[in-house]
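Student: Quick one: structure below, then a few questions.
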Amino acid sequence: MNIHIWNGHIIDPSQGIDATGDIFIENGKIKEIRVHGQGSMTRTKSDKILESSLGDQTPDTKIIDAKGLVVIPGLIDMHVHLREPGFEHKETIKTGTMAAVKGGFTTVCCMPNTFPVNDNASVTEFIKRKASQEGVCSVLPIGAITKGQKGEELAEIGTMRREGCVAFSDDGQPVMNSLIMRRALEYSQAFNVPIISHSEDLSLSDGGVINEGLLSITLGLRGSPAEAEQIMIYRDIILAELTGGKVHIAHVSTKGSVELIRNAKKRGAHVTAETCPHYFTITEDAVRQYDTNAKVNPPLRTEGDVEAIREGLQDGTIDVIATDHAPHHRDEKLREFDMAPFGISGLETALGLSMRLVEAGILTFAQLIEKMALNPAKILQIHKGTLRAGGCADVTVVDTNREFRVDPENFISKGKNTPFSGWLLKCMPLYTIAGGKLYEW
Amino acid sequence: MLRSKDLLGIKELSLEEISLILDTAAGFKDILGRDIKKVPALRGKTTVNLFFEPSTRTRTSFEVAAKRLSTDVINFSVPTSSVVKGESLIDTALTVQALGADFIIIRHASSGVPHLLARHLHAAVINAGDGTNEHPTQALLDAFTIREKKGKIEGLEIAIIGDIMHSRVAKSNVYCLTALGAHIRLIGPPTLIPEHLKKTGISVFHNMEDGLKGADVLIMLRIQMERQGKGFFPSTEEYAKNWGLTPERLSLAKGDAIVMHPGPMNRGIEIVSEIADGPRSVILEQVTNGIAVRMSIMYLLSGVKR
């Protein structure tokens with residue numbers, strides 16, 4: 001099917017485009033991007049063409065009138081949990097990618113903590129095959145750094161890379177052994193892939209379920225100190241400097257972490273970093289009523305941390321906004337706070353929550369798209385996150401002014417676990433085109 | 001009147017509610033002194049003791065309190081229940097409620113469990129100790145005992161000694177006694193007094209002698225043997241040498257200072273027998289007062305409009 005998007009406000013940081021224009025999609029590729037202005041084509045002329053082309057609309061060509069809407073590269077979420085294989089009651093590749101598309105994403109990278117763990121090429125192959133059969137957007141697996149995510153022996157990084165893994169991480173578990181992490185940062189260079197660090201010193205976090213501080217004492221919940229995250233971030237940064245490997249720091253949640261990464265970047269270390277909407281939106285206060293939907297790892301922190309994360313996003317210390325979409329079944333969250341699993345279902349609220357940064361003047365809309373599309377593509381070295389002609393047709397059309405009320409019961413994701421239920425958010429995808437396929441709502 | 005159908009913690013109570021519970025308990029204590037100790041106030045109601053952690057005194061105290069108020073009492077003991085077959089907490093609680101429970105007395109190793117149940121049940125949920133969060137009825141019976149012995153709480157210097165970090169009793173006591181106007185001193189090894197507590201303005205002492213000077217009330221906490229070997233303190237012997245209550249140390253407190261302990265005691269570790277059984281100890285009176293305070297709470301909760 002061909003798709004013509006007319007008169008949209010195109011924002012594509014990869015080409016520095018921030019102007020009205022049209023995009024023509026044919027055979028799953030972006031055939032042409034036509035920017036108005038500069039005298040080549042005026043808005044009125046384009047309007048006329050649109051009117052006449054609406055009459056030409058055939059089953060083969062879909063015309064989208066994007067006047068008043070914003071057209072952006074399809075978003076890339078480099079940190080999701082699709083739960084398949086093994087935990088299909090939480091999410092599947094099908095439901096997870098459908099939720100992604102609803103949220104404006106056209107590419108998701110799924111973490112390896114499935115059952116079995118994605119620590120060998122056969123699991124990678126299974127995920128890729130399932131994704132091509134049932135997935136509705138591009139799925140790029142992230143392989144485990146170590147066999148069984150046990151932190152003991154390197155997994156077959158090279159073979160998994162060939163099968164389609166774009167990065168490696170033991171996400172959910174840190175690689176506690178510094179020598180193994182060093183080896184991973186060395187070995188991965190042969191295949192030019194980043195190592196993603198789930199930064200947590202397990203001896204120091206000691207089973208903590210929320211941020212350590214006065215609140216953890218007050219609630220009688222075991223606290224995990226900010227230092228448990230920072231110690232590991234510092235370790236992984238200096239190991240990256242030692243080895244020359246590329247490290248990407250997952251889900252940055254503390255002020256100290258932002259400072260460590262900022263200083264490392266100044267020194268020229270090969271470090272990139274992501275944070276998630278919940279870390280720049282809410283604080284530990286969300287767990288005050290023992291709400292397991294706000295139980296997440298790393299834990300929600302303090303006002304000062306939220307402020308520092310926003311500054312880190314603004315000054316470029318934090319490159320990427322990822323969701324850490326971690327869907328769980330309702331029954332798993334409906335239990336003792338200590339026993340409930342960590343995680344927030346994030347794909348369907350990420351854009352709306354991130355839009356608040358634009359509203360607050362912290363990021364421009366173009367910078368937001370950099371962090372949600374272009375930068376992940378650069379870190380993963382994939383030819384995505386751009387509206388360049390000839391590229392894969394991953395395009396999202398959003399109404400930046402459309403408000404919506406978060407209602408987990410309406411999530412496409414099986415995971416209804418969100419602390420943002422009832423929030424009024426702005427910026428809704430109306431059309432998501434993933435690999436040339438159109439989804440609209 | 002209490003505002004909530006549940007008693008989840010002292011944190012959730014206003015000063016007026018705390019005072020109401022203590023005043024009402026005084027009336028019930030008079031009844032406990034009579035020949036016929038039972039009143040028909042809650043006849044026809046059902047109380048379920050839902051204890052997921054071992055307990056003798058708290059469970060028995062609730063049972064006696066509930067019986068004195070003429071409710072039927074069911075003790076739900078975990079090892080023989082379907083919980084060992086893997087039933088979820090919520091399902092267990094809903095089942096107990098469906099059996100007709102009006103009061104559910106809950107003790108659980110996880111903090112926040114009473115709050116979770118309160119959200120999902122229409123029965124009155126009473127917290128009998130949740131994880132390291134709160135043990136509100138213990139704090140209320142301690143306040144009742146102090147008020148009875150000292151005539152007031154406002155202005156008293158009250159020392160709480162021991163494992164503050166893991167003690168739900170200590171925390172409920174801090175909230176309750178602070179609300180009633182006492183000044184609290186926490187005494188214990190630095191590993192067992194969270195640094196973050198200093199932000200609240202509570203006095204913290206790591207040297208027991210310094211902390212006991214001029215104290216009106218000493219609340220000794222039980223040292224849990226399972227903390228040994230976890231790096232909080234090297235040995236119980238060393239703990240006893242530094243933070244155990246001895247006659248010499250007690251002599252540093254005010255001449256009329258009273259000694260309390262929520263039980264069960266480790267004699268010879270946090271407290272020596274001659275003090276536990278001596279004239280300054282009010283430990284057994286705490287137990288008796290516990291019945292009156294728990295009767296008061298159940299009685300007042302039964303009057304809360306749903």
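Student: Return yes or no: is B:SER77 surrounded by 15 or more Cβ atoms within 10 Å (Cβ to Cβ), among the polar types (S, T, N, Q), at pLDDT below 95 and over 24 Å from B:GLY151 (Cα atoms)?
Tutor: So B:SER77 does not fit the description; no.
Student: Hey, can you tell me all the residues within the range A:388-415 that are hydrophobic (A, V, I, L, M, F, W, C), touching a Pro at 6+ places or on another chain (Cβ under 8 Å) and part of a loop (DSSP other than H, G, I, E, B)?
Tutor: None; the set is empty.
Student: If you check A:ILE233 against the conditions, is it in a strand (DSSP E or B), more than 14 Å from chain B (Cβ to nearest Cβ) and either surrounded by 24 or more Cβ atoms within 10 Å (Cβ to Cβ) or on the phi < 0 side of the Ramachandran plot (or both)?
Tutor: When the stated conditions are applied, A:ILE233 does not pass them.
One line per residue, one yes/no per condition, for (1) of a type in the set (A, V, I, L, M); (2) under 23 Å from A:VAL287 (Cα atoms):
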{"site": "B:VAL48", "(1), (2)": "yes, no"}
{"site": "B:ARG59", "(1), (2)": "no, no"}
{"site": "B:LEU69", "(1), (2)": "yes, no"}
{"site": "B:GLU87", "(1), (2)": "no, no"}
{"site": "B:THR95", "(1), (2)": "no, no"}
{"site": "B:ILE104", "(1), (2)": "yes, no"}
{"site": "B:ALA123", "(1), (2)": "yes, no"}
{"site": "B:ASN133", "(1), (2)": "no, yes"}
{"site": "B:ILE146", "(1), (2)": "yes, no"}
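Student: Might you check whether a residue that is out of contact with any Leu (no Cβ under 9 Å at 6 or more places or on another chain), of a type outside the set (A, V, I, L, M) and over 25 Å from B:LEU156 (Cβ atoms) occurs anywhere in the range B:246-254?
Tutor: Within the range B:246-254, none of the residues are out of contact with any Leu (no Cβ under 9 Å at 6 or more places or on another chain), of a type outside the set (A, V, I, L, M) and over 25 Å from B:LEU156 (Cβ atoms).
Student: Answer yes if at least one residue in the range A:212-219 is over 23 Å from A:VAL258 (Cβ atoms), in a loop (DSSP other than H, G, I, E, B) and polar (S, T, N, Q), and no otherwise.
Tutor: No, the conditions are met nowhere in the range A:212-219.
Student: Looking at the structure I just gave you, is B:SER110 within 14 Å of chain A (Cβ to nearest Cβ), under 20 Å from the mean Cα position of the chain (by Cα) and over 22 Å from B:LEU42 (Cβ atoms)?
Tutor: yes
Student: Kindly establish whether A:ILE344 is more than 14 Å from chain B (Cβ to nearest Cβ), more than 16 Å from the chain's Cα centre (by Cα) and modelled with pLDDT of 95 or more.
Tutor: Criteria not met by A:ILE344.
Student: Quick check on the range A:123-139: of everything there that is polar (S, T, N, Q) and part of a helix (DSSP H, G or I), which residue is surrounded by the most Cβ atoms within 10 Å (Cβ to Cβ)?
Tutor: Checking each candidate, the answer is A:THR124.
Student: Also, I was wondering about something else. Could you tell me whether B:ALA128 is in contact with a helix residue (DSSP H, G or I) (Cβ under 6 Å, 6 or more places away or on another chain) and either away from every other protein chain (no Cβ under 11 Å) or among the aromatic types (Phe, Trp, Tyr) (or both)?
Tutor: yes
Student: What do you reckon, is B:ILE105 out of contact with any helix residue (DSSP H, G or I) (no Cβ under 6 Å at 6 or more places or on another chain), modelled with pLDDT of 95 or more, surrounded by 24 or more Cβ atoms within 10 Å (Cβ to Cβ) and closer than 28 Å to B:ILE164 by Cα?
Tutor: Taking the combined requirement at face value, the residue does not satisfy it.
Student: Looking at (1) within 13 Å of another protein chain (Cβ to nearest Cβ); (2) among the aliphatic types (A, V, I, L, M); (3) in a strand (DSSP E or B), find the lone condition where B:ALA93 falls short.
Tutor: If we test B:ALA93 against (1) within 13 Å of another protein chain (Cβ to nearest Cβ); (2) among the aliphatic types (A, V, I, L, M); (3) in a strand (DSSP E or B), just (3) comes out false.
Student: Hydrophobic (A, V, I, L, M, F, W, C), under 22 Å from the mean Cα position of the chain (by Cα) and within 14 Å of chain A (Cβ to nearest Cβ), is that true of B:LEU192?
Tutor: Spelling it out, B:LEU192 is indeed hydrophobic (A, V, I, L, M, F, W, C), under 22 Å from the mean Cα position of the chain (by Cα) and within 14 Å of chain A (Cβ to nearest Cβ).
Student: Among the residues of the range B:113-124, write down those that are within 14 Å of chain A (Cβ to nearest Cβ) and farther than 23 Å from B:HIS166 by Cα.
Tutor: Residues satisfying the conditions are B:ALA118, B:ARG119, B:HIS120, B:LEU121.
Student: Hey, any hits in the range B:280-297 for a residue that's crowded, with 18+ Cβ neighbours inside 10 Å, among the hydrophobic types (A, V, I, L, M, F, W, C) and over 30 Å from B:MET1 (Cβ atoms)?
Tutor: Yes, the range B:280-297 contains at least one residue that is crowded, with 18+ Cβ neighbours inside 10 Å, among the hydrophobic types (A, V, I, L, M, F, W, C) and over 30 Å from B:MET1 (Cβ atoms).
Student: Just checking, does the range A:248-259 include any residue being within 14 Å of chain B (Cβ to nearest Cβ), in contact with a helix residue (DSSP H, G or I) (Cβ under 6 Å, 6 or more places away or on another chain) and not in a helix (DSSP H, G or I)?
Tutor: No: the range A:248-259 contains no residue that is within 14 Å of chain B (Cβ to nearest Cβ), in contact with a helix residue (DSSP H, G or I) (Cβ under 6 Å, 6 or more places away or on another chain) and not in a helix (DSSP H, G or I).
Student: Still on this structure, please answer the following. Test each condition in (1) hydroxyl-bearing (Ser, Thr, Tyr); (2) touching an Asp or Glu at 6+ places or on another chain (Cβ under 9 Å); (3) outside any loop (DSSP other than H, G, I, E, B) for A:THR418 and report the one that comes out false.
Tutor: With (1) hydroxyl-bearing (Ser, Thr, Tyr); (2) touching an Asp or Glu at 6+ places or on another chain (Cβ under 9 Å); (3) outside any loop (DSSP other than H, G, I, E, B) applied to A:THR418, the lone miss is (3).
Student: How about the range A:339-388: which of its residues are surrounded by fewer than 16 Cβ atoms within 10 Å (Cβ to Cβ), within 21 Å of A:PHE420 (Cα to Cα) and small (Gly, Ala, Ser)?
Tutor: Selection gives A:ALA360 alone.
Student: Let me ask something else. Could you give every pair whose Cβ atoms fall below 9 Å, whose first residue belongs to the range A:397-413 and is touching a residue at least 24 places away in the same chain (Cβ under 8 Å) and closer than 20 Å to A:TYR439 by Cα, and whose second residue is assigned to a strand (DSSP E or B) and of a type in the set (Gly, Ala, Ser), counting only separations of at least 6 or pairs across chains?
Tutor: A:VAL397/A:GLY8
The values are calculated or read from the model by the stated rules, or taken from the named source; none is laboratory data. As the structure is a prediction and not an experimental result, all values here were calculated from the model. Please note: Cβ atoms are built from the backbone with ideal geometry, for glycine as well, and neighbour counts cover all protein chains shown.
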